[in-house]
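The values are calculated or read from the model by the stated rules, or taken from the named source; none is laboratory data. The model shown is predicted, which means the values in this text are computed figures rather than measured ones. Neighbour counts are summed over all protein chains in view; Cβ atoms, including those assigned to glycine, are modelled from backbone coordinates with ideal geometry.
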Amino acid sequence: MTKEPNADDPLPTGERVKRRRAVFAAVGAVWIASATAGGVAGLFQAFGPAPLGRDLEVSTLVLDRNGKLLRAYLTSQGRWRLPATREQADTSYLDALLIYEDKRFFHHRGVDPLALMRATYQLVTHGHIVSGGSTITMQVARLLEPRDKRSLHVKLREAVRALQLEWTLSKDDILGLYLTLAPYGGNLEGVRAASLAYFGKEPRRLTLGEAALLVALPQSPEGRRPDRSPEAAKRARNRVLDRIAGHGLFSNAEIARAKAEPVPKARKGMPLLAPHAADQAMRGSPKEHVLRLTIDGALQKGLESLARDRAQALGPDLSVAMVVVDNATGEVLARVASPDYFDERRAGQVDLTQAVRSPGSALKPFIYGLGFEDGFIHPDTLIEDRPIHYAGYAPENFDLTFQGTVTVRRALQQSLNVPAVAVLDEVGPSRLIARLAEAGAPLVLPRREAPGLPLALGGVGVRLADLTMLYAGLARQGTVAPLVERLDSPPLPPKRLIEPVAAWYVATVLLGTPPPENAAGGRIAFKTGTSYGYRDAWAVGFDGKRTIGVWVGRPDGAPVTGLAGRVTAAPILIDAFARLAQPLQPLPPAPKGALIATTAKLPPPLQRFASREEAGEAMAPKVHIVFPPDGASLELSAAKGEAPDPIAIKIAGGTPPLNVLLNGMPLNARQSARTLFFEPDGPGFVRLTVTDATGAADSVVVRLQ
């Protein structure tokens, strides 16, 4: 870093001249000594091996899927030291740097005798320093091995270290060390940290004025800090521009425009995108210095801005969280865990995508999905929305009205509570919880409570990330891709949620959900939810490629008057889809076996859903799997080297003919048989389902071990 006589240098002129003459004499001695192999070897031996920067502590960087910086972390010494390479710097900056600091950088071997002679001659003829004799390699040696005092011995050591560095490292490696270590004032080190702090951008694309300022600052980083001494910074920048003007790389007009550029007068904040995801990655890999996430930085930035704007409009206590998932891979493309990481009132550093909250009606699609899978309802099956009691539990709709006889399609699109509870009563609350847990999304029940029918209306806890993953499983026609946020994460096998036909039924029904006010319908499949007491508002939707989940509420769980999924969260969901770079994609086509028919043309058992009372349960007991019981663990028995023995299934009740399904596939057996057997493939979970002529069904999940 060349030193110039200016207001930044506190030494008296006479003292400066004496010291600099001594310095040049020392460097000249080094060059003479290095002229012989014996001299070089002797100097290398005297000073020992040089530090090469290979164990240099740098800031940990969290990058997005395209390699763009999401967030950087301070070193243990509290410095912003971002590793940099030649390819990461603007060519105008590199040209100006080499012209100003070391024109023969790519030709000398660490010490430039021509520069030393020129500097010495200028010192003698002008009486002050016109240009310095230190090469970039010598400056790197000084940065790698800093010394508080300047002396002949220290200068000699720098020169020897420069020769050693050139002997061991490539020119690009040495230049990279300079670009990483050069001081820029305060705790800024390296051209990337300086460019981000002063210009708010990476140094890949700099104006000529910005490039010249970054060349000038390391010569006197504290005296020329733009945020403290903008005039000194401007003068230093202009001296660099004057020096490089006569080398033919930049026109006079470019130099003039560069001098007219304003100098920044304050530091900008370092990038802070997806801070919660970055923190999580850091905790998971504390020894790694470069972490690559699946997040798309541009999308993340847009959604963070959306969340911040909506949270401010909703009030000072409300927060917004969002998750965007790639349906095919399970990769998290964006995760907004709070509107503002530093907003204490909104508990900004709490990751609300991982908070357990009540989903309201957002679980209803999975209740109907199991009903479709079991074969006792179809989207166009008629179902009753009328007052009903279940052992003292009387569900009501959100608007406290009832719509009478409706199709299952309409019941789900309108989020009617009574039909959903009726279907859950047939499916079984425990089975719903078990199925979602198998898919990787465990639900959290209130303490000491057993699964019950209130599950249909949100009487359980779920995380936004898990709920978004489940909806992505609907878009994938029934298989869930586990969420991943690290690009280097190994691929994880998908997990089964529901059968493809059932998932397709749910998706096509949700595609017809009435949109929020002033939004176009039929573009995405989505569902909203509002928890009891207006504490949580949800909206989760998907197209053929991506799924987005939105949560709105208070971080402390307090109720908010008027908070509702359709009114509060759904408009944010629609805006989030509008900010995707790619256009909306259609849902997958109907899988094999899907039944597309009106209510009148459905098979008779599917035309109308019959509750237990309507089916005359007292006269004809509902079909029931007596053995094995739901949730049981069965030991497989077999002779050594032979297949496991068959396992019995015992069925009670129901109206023949009976149909038995093993993991969704028909089991060959007499349709009137009450006891039958199946041959297990081996250890694992199996699902057994039986349906009768009335459409009634029962299902159990059993573990074989």
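Points to keep in mind about this one:
- If the condition is being buried (at least 16 other Cβ atoms within 10 Å of the Cβ), basic (Lys, Arg) and not in a loop (DSSP other than H, G, I, E, B), then the stretch 546-601 contributes Arg546, Arg566.
- Tally, over the stretch 521-545, of residues that are in a loop (DSSP other than H, G, I, E, B) and farther than 19 Å from Arg409 by Cα: 7
- Hey, Arg346 in a strand (DSSP E or B) and touching a strand residue (DSSP E or B) at 6+ places or on another chain (Cβ under 9 Å) or not: no
- Residue within the stretch 303-314 that is surrounded by fewer than 23 Cβ atoms within 10 Å (Cβ to Cβ), part of a strand (DSSP E or B) and charged (D, E, K, R) present: no
A quick yes/no check of all residues on (1) outside any loop (DSSP other than H, G, I, E, B); (2) in contact with a Gly (Cβ under 7 Å, 6 or more places away or on another chain):
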| site | (1), (2) |
| --- | --- |
| Ala334 | yes, no |
| Ile367 | yes, no |
| Phe398 | no, no |
| Leu412 | yes, no |
| Glu426 | yes, yes |
| Ala437 | yes, no |
| Gly440 | no, no |
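- Verdict on Asn6 being assigned to a loop (DSSP other than H, G, I, E, B), modelled with pLDDT under 90 and under 49 Å from the mean Cα position of the chain (by Cα): yes
- If you go through the stretch 405-417 and keep only what is within 19 Å of Leu606 (Cα to Cα) and crowded, with 22+ Cβ neighbours inside 10 Å, you end up with Val408, Ala411, Leu412.
- Of all the residues in the stretch 684-699, those that are in contact with a Lys or Arg (Cβ under 8 Å, 6 or more places away or on another chain) and in contact (Cβ under 8 Å) with a residue 40 or more places away in the chain number 4.
- The stretch 60-93, residues that are farther than 19 Å from Leu188 by Cα and not basic (Lys, Arg): Leu63, Asp64, Asn66, Gly67, Glu87, Thr91, Ser92
- If you check Gly440, Gly404, Gly392 for being at pLDDT below 95, at positive phi and touching a Lys or Arg at 6+ places or on another chain (Cβ under 8 Å), only one passes: Gly404.
- Residue match in the stretch 323-343 (condition: over 26 Å from Leu470 (Cα atoms), surrounded by fewer than 24 Cβ atoms within 10 Å (Cβ to Cβ) and over 16 Å from the mean Cα position of the chain (by Cα)): yes
- Residues being touching a strand residue (DSSP E or B) at 6+ places or on another chain (Cβ under 7 Å) and free of Cβ contacts under 8 Å to residues at least 24 places away in the same chain - total across the stretch 444-487: 1
- Tallying residues that are under 26 Å from Pro604 (Cα atoms) and either surrounded by fewer than 12 Cβ atoms within 10 Å (Cβ to Cβ) or hydrophobic (A, V, I, L, M, F, W, C) (or both) within the stretch 387-404 yields 4.
- Hey, Phe398 under 23 Å from Leu563 (Cβ atoms) and among the aromatic types (Phe, Trp, Tyr) or not: yes
- Scanning the stretch 228-265 for residues that are among the β-branched types (Val, Ile, Thr) and in contact (Cβ under 8 Å) with a residue 60 or more places away in the chain yields Val240, Ile244.
- All positions within the stretch 493-510 that are charged (D, E, K, R) and assigned to a loop (DSSP other than H, G, I, E, B): Glu499
- Matching entry among Pro583, Pro603, Pro621 (being at pLDDT below 95 and either under 25 Å from the mean Cα position of the chain (by Cα) or acidic (Asp, Glu) (or both)): Pro583
- Residue within the stretch 114-124 that is in a helix (DSSP H, G or I), at pLDDT 85 or above and crowded, with 21+ Cβ neighbours inside 10 Å present: no
- Per-region count, the stretch 459-492, residues among the polar types (S, T, N, Q) and in a helix (DSSP H, G or I): 1
- Members of the stretch 295-309 that are within 19 Å of Leu352 (Cα to Cα) and in contact with an Asp or Glu (Cβ under 8 Å, 6 or more places away or on another chain): Ile295, Gln300, Leu306, Arg308
- Failed criterion for Pro387 (all others in (1) touching a strand residue (DSSP E or B) at 6+ places or on another chain (Cβ under 9 Å); (2) over 30 Å from Ala278 (Cβ atoms) hold): (1)
- Scanning the stretch 54-106 for residues that are part of a loop (DSSP other than H, G, I, E, B), modelled with pLDDT of 95 or more, in contact with a helix residue (DSSP H, G or I) (Cβ under 6 Å, 6 or more places away or on another chain) and closer than 22 Å to Thr168 by Cβ yields a count of 3.
- As a summary of the residue check, Leu436 satisfies the conditions (1) over 29 Å from Val336 (Cα atoms); (2) in contact with a Phe, Trp or Tyr (Cβ under 7 Å, 6 or more places away or on another chain) except for the one numbered (1).
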